[in-house]
Amino acid sequence: DIIASRLRELAFLNQGLTIDLIDHRSDKTISFSYKGGLSAFVQYINENKTSLFRKPIHFRGDKDGVEVEVALQYNDGYSESVYSYVNNINTIEGGTHLTGFRTALTRTINHYSAKYNLVKKNGINLAGEDSKEGLTAVVSVRVRDPQFEGQTKTKLGNSEVKGIVEMITNEHLGSYLEENPPVGKKI
């Protein structure tokens, strides 16, 4: 089950890749392949939840050799489910890429809600906790020379990655919300 879980995760992270797990003891074969990549991953995580909109928001971009891919979707729950990866390594403690994503998410939602008067009292900004409520997201970056903190490689320390993820998220999420007002209002 542990191996199957990791292989499923790798298949989500590497869109178009097919991974077969064969258990020779029982001649059982499980095949993992997800054409939807990170969007399919978010839908898998949200499987037993009520999503606020049907299709996850998905975008990718790159700058200075750093590739960024993000998929996110909100549900009617209160808890946050955010998974972050660097070069297919699960960074369970987060790091600079996750900080950049969260900063951009809050800023973009605040900008959008202020522009369209969606906050009841003008001048009030939503806190980071508000923008993460009901959020399911997967943030994946590919970095040429990742610098991890600690021996377990569970937290990215490259300072330049924060700004790159923040810029790409601001740009793509902002554009998406402008082009899809019903989704922006639901968020």
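The values are calculated or read from the model by the stated rules, or taken from the named source; none is laboratory data. These figures come from a predicted structure and were not determined experimentally. Every residue, glycine as well, gets a Cβ built from its backbone with ideal geometry; the counts of neighbours run over all protein chains shown. The area values use the complete protein model at the heavy-atom level, side chains included, leaving out ligands, DNA and RNA. Shrake-Rupley method; radii C 1.70, N 1.55, O 1.52, S 1.80 Å.
On the full set of protein chains, 1.4 Å probe, figure out the accessible area of SER51 and give it in Å² to the nearest 10.
Here the residue's solvent-accessible area equals roughly 40 Å².
How do LEU173, LEU10 stack up against each other in accessible area, from largest to smallest, with a 1.4 angstrom probe?
Details: LEU173 0, LEU10 40 Å².
The most accessible residue leads, giving LEU10, LEU173.
Add +1 for every Lys or Arg and -1 for every Asp or Glu among the other residues with Cβ under 10 Å from the Cβ of VAL82, and state the total. Numbers along the way, then the final one.
Values: positive: ARG102, LYS132; negative: GLU80.
Within the 10 Å Cβ shell, the charges total +1.
Can you tell me the relative contact order of the stretch 100-185? Whole percent, Cα pairs under 8 Å, sequence separation 6 or more. Mind dumping the intermediate values first?
Values: 59 pairs, mean separation 37.9, N = 86.
Dividing the mean separation by the residue count of the stretch 100-185 yields 44 percent.
Please figure out what share of the DSSP beta bridges in the stretch 1-158 is antiparallel and state it in percent, rounded to the nearest 5.
80 percent
Which residue fluctuates most in the GNM of the chain (Cα springs below 10 Å): VAL143, VAL42, VAL165?
In the Gaussian network model the winner is VAL143.
Taking only Cα atoms and a 10 Å spring cutoff, compute GNM fluctuations for the chain and point out the largest among GLU67, GLU133, GLU47.
GLU47
What is the spin-label model distance, in nm, from ASP130 to ARG142 if the labels are put 7 Å beyond Cα along the C-beta direction?
For ASP130 paired with ARG142, the spin-label model returns 3.7 nm.
Using 7 Å Cα-to-Cβ label points, what is the GLU178/ASN48 separation (nm, one decimal)?
My value for the distance between the label points is 4.0 nm.
Using a 1.4 Å probe on the protein heavy atoms, what percent of the accessible area of the stretch 84-165 belongs to carbon and sulfur?
Numbers: 2020 of 4270 Å².
It is 47 percent, rounded to a whole number.
At 1.4 Å probe size, put TYR112, TYR44 in order of accessible surface, largest to smallest.
Values: TYR112 15, TYR44 95 Å².
The ordering from most to least exposed comes out as TYR44, TYR112.
Which lysines have a Cα less than 16 Å from the Cα of LYS162, not counting those fewer than 8 places away in the same chain?
Correct list for LYS162: LYS63.
For the stretch 59-187, what is the accessible area per residue in Å² when the probe is 1.4 Å? Spell out each step's value before the answer.
Working: 6720 Å² over 129 residues.
Ligands and nucleic acids excluded, the figure is 52 Å² per residue.
From the Cα gyration tensor of the stretch 17-60, with a ≥ b ≥ c the square roots of its eigenvalues, which class applies: rounded if a/c is under 1.5, or else prolate if a/b is larger than b/c, or else oblate?
Working: a/c = 5.46, a/b = 2.11, b/c = 2.59.
Oblate is the answer for the stretch 17-60, as a/c is 1.5 or above yet b/c matches or exceeds a/b.
Trypsin sites (Lys or Arg not before Pro) within the stretch 107-187: which are DSSP loop residues with at most 14 other Cβ atoms inside 10 Å? Provide the component values of the computation, followed by the final result.
Details: sites: ARG107, LYS115, LYS120, LYS121, LYS132, ARG142, ARG144, LYS153, LYS155, LYS162, LYS185, LYS186; in loops: LYS120, LYS121, ARG144, LYS153, LYS155.
Sparse-neighbourhood loop trypsin sites (Lys or Arg not before Pro): LYS120, LYS121, ARG144.
Near VAL68, within a Cβ-to-Cβ distance under 13 Å, what is the net charge of the other residues, with Lys and Arg +1 and Asp and Glu -1? Don't skip to the end; give the middle numbers.
On the way: positive: ARG60, LYS63, ARG142, LYS162; negative: ASP62, ASP64, GLU67, GLU69, GLU160, GLU166, GLU171.
Summing Lys and Arg as +1 and Asp and Glu as -1 gives -3.
Quick one: of LYS49/LYS185; LYS35/LYS55; LYS55/LYS186; LYS115/LYS155; LYS49/LYS186, which pairs are farther than 25 Å apart, Cα to Cα? Before the final figure, lay out each step's value.
Numbers: LYS49/LYS185 19 Å; LYS35/LYS55 14 Å; LYS55/LYS186 13 Å; LYS115/LYS155 35 Å; LYS49/LYS186 16 Å.
From the list (LYS49/LYS185; LYS35/LYS55; LYS55/LYS186; LYS115/LYS155; LYS49/LYS186), the Cα-Cα distance tops 25 Å for LYS115/LYS155.
Let me cross-check HIS58: its accessible surface, 1.4 Å probe, with only protein heavy atoms counted, in Å² to the nearest 10?
70 Å²
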